[in-house]
1. Can you tell me which of (1) assigned by TED's automatic domain parsing to the domain that holds Val152; (2) closer than 27 Å to Val316 by Cβ is the one Lys53 doesn't meet?
2. Would you mind finding the one in Ala130, Ala135 that is among the small types (Gly, Ala, Ser) and more than 30 Å from Gly336 (Cα to Cα)?
3. Taking the conditions exactly as written (closer than 16 Å to Glu227 by Cα, in a strand (DSSP E or B) and touching a Lys or Arg at 6+ places or on another chain (Cβ under 8 Å)), does Val82 satisfy them or not?
4. Tell me yes or no: at least one residue of the stretch 96-116 is of a type in the set (S, T, N, Q) and in contact (Cβ under 8 Å) with a residue 40 or more places away in the chain.
5. Any residue at all in the stretch 335-346 that's within 27 Å of the chain's Cα centre (by Cα) and in a helix (DSSP H, G or I)?
6. Restricting the search to the stretch 294-313, which residues are among the small types (Gly, Ala, Ser) and more than 12 Å from Asn329 (Cα to Cα)?
7. Of the residues Gly179, Gly169, Gly198, only one is surrounded by 24 or more Cβ atoms within 10 Å (Cβ to Cβ), within 30 Å of Leu252 (Cβ to Cβ) and small (Gly, Ala, Ser); which?
8. Going through the stretch 157-193 one residue at a time, which ones are of a type outside the set (A, V, I, L, M, F, W, C), closer than 20 Å to Arg129 by Cβ, touching a Lys or Arg at 6+ places or on another chain (Cβ under 9 Å) and assigned to a loop (DSSP other than H, G, I, E, B)?
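The values are calculated or read from the model by the stated rules, or taken from the named source; none is laboratory data. Keep in mind the model is a prediction, meaning the values are calculated, not measured. Note: ideal-geometry Cβ built from the backbone for every residue, glycine included; neighbour counts use all protein chains shown.
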Amino acid sequence: MLHKNRLFTPGPTPLLPAAQTAMASYTAHHRTADFKALFQRVLGDMKDFVGTKNDVLVLACSGTGVMEASISNLTSPGDTVVVLTAGKFGERWTGLAKAFGCNVVVVEAPYGQTFSLDQVRARIDGKVRAVFVQATESSTGARHDIEGIAKVVRAQGDEALLVVDAITGLGTTHLDVDGWGVDFIIGGSQKALMMPPGLGYCAVSERAWKRMEKTTSPRYYFDLRKERKSAAKGETAYTPATSLFAALGAALEFVRGMGKGDLAKGREELVNNAELCAAMTRAGAKALGLNLFASSPAAALTAICAPEGVDSSKMVKDFRESFDAVVANGQGEMKGQLFRIAHIGYYDYLDTIGILAALEHVLARVTEKPVEYGAAVRAAQEVYARTQSEKRQLVSA
């Protein structure tokens with residue numbers, strides 16, 4: 001049987017063909033008028049993609065690089081910061097903050113769950129300089145209440161900055177960055193922007209820019225003030241990933257097309273697509289008797305518990321060997337307990353139906369028990385049909 005490699009992982013995600021073509025054919029030098037025009041257009045469009053009026057910077061690094069930049073630019077050694085963690089990427093905030101000498105107060109929830117706003121409120125006071133959190137914890141498939149957390153942080157005034165890792169959240173989750181008062185939000189190119197890894201980006205509030213003038217943590221490549229100054233002139237502070245910027249330009253045009261010429265509307269459509277594919281996937285998994293791992297499941301990915309007595313590694317291997325479909329295993333202590341199917345970016349109805357049909361076969365093999373073929377697919381189709389019916393009713397109304 002012919003095998004087509006397909007990614008169902010929460011990053012990298014399936015590549016947009018137009019982005020691949022743009023990346024492969026771009027040769028302009030980064031200190032030319034051609035690149036300057038591309039760079040300025042992309043920075044302007046990124047504001048619409050993020051949904052902000054704040055400055056947006058795009059750096060040649062991974063999302064973790066921008067996470068580190070948020071620590072080094074917004075804190076000083078000895079600062080008290082709060083980390084909200086419920087998974088491996090929340091734990092990354094703790095490691096980064098400690099590396100820069102911060103006094104870290106951890107608000108923790110079990111893997112697969114999220115924290116209550118009362119937990120958050122109890123740990124934030126006038127001494128806290130920054131709060132770090134994920135919009136989506138992609139190691140567990142959980143979604144955190146960024147709007148609620150932002151209200152708690154903003155109730156303390158301007159002293160505590162809210163920093164959100166939305167690397168898998170942007171383009172999959174409805175986020176009102178400016179309206180909620182998010183000071184620093186982070187994304188990565190290999191997620192909803194449908195490109196290879198290599199670009200990290202962030203939107204930075206005026207509160208955050210003012211903080212940078214007072215902080216004392218060491219920074220050089222990740223000195224965001226340099227990038228802001230260079231961006232105002234249509235340049236980058238250091239050598240940019242020129243071909244990736246070309247791919248980014250193509251990806252943003254694709255999203256604009258989803259909104260029929262309106263990039264902000266295109267972003268909303270991209271998020272709605274992720275929400276729909278996630279709902280279809282959850283319904284399909286439940287129809288097969290499988291349990292979801294996250295109590296508050298995200299739209300970016302669905303974490304599904306392996307059947308009792310089955311190592312999820314065996315399922316991940318069967319997906320790859322039987323269908324050349326790459327799904328993600330659990331991370332760290334969750335390896336062998338769950339598998340993760342992402343629905344980010346260049347991913348649609350047919351991708352969802354395909355992976356659920358494959359899941360039915362994988363489940364039959366690893367459990368050696370009868371599986372009702374078509375059960376997951378039918379459940380997903382019912383979600384899709386119901387959603388389309390609701391859309392038609394809204395339009396007619």
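1. (2)
2. Just a single option satisfies the conditions, and that option is Ala130.
3. Spelling it out, it is not the case that Val82 is closer than 16 Å to Glu227 by Cα, in a strand (DSSP E or B) and touching a Lys or Arg at 6+ places or on another chain (Cβ under 8 Å).
4. Yes, there is a match, as at least one residue in the stretch 96-116 is of a type in the set (S, T, N, Q) and in contact (Cβ under 8 Å) with a residue 40 or more places away in the chain.
5. So far as the stretch 335-346 goes, no, none of its residues is within 27 Å of the chain's Cα centre (by Cα) and in a helix (DSSP H, G or I).
6. Ala294, Ser295, Ser296, Ala298, Ala299, Ala300, Gly309
7. That would be Gly169, the only listed residue that is surrounded by 24 or more Cβ atoms within 10 Å (Cβ to Cβ), within 30 Å of Leu252 (Cβ to Cβ) and small (Gly, Ala, Ser).
8. Those that are of a type outside the set (A, V, I, L, M, F, W, C), closer than 20 Å to Arg129 by Cβ, touching a Lys or Arg at 6+ places or on another chain (Cβ under 9 Å) and assigned to a loop (DSSP other than H, G, I, E, B): Asp158, Glu159, Gly181, Asp183.
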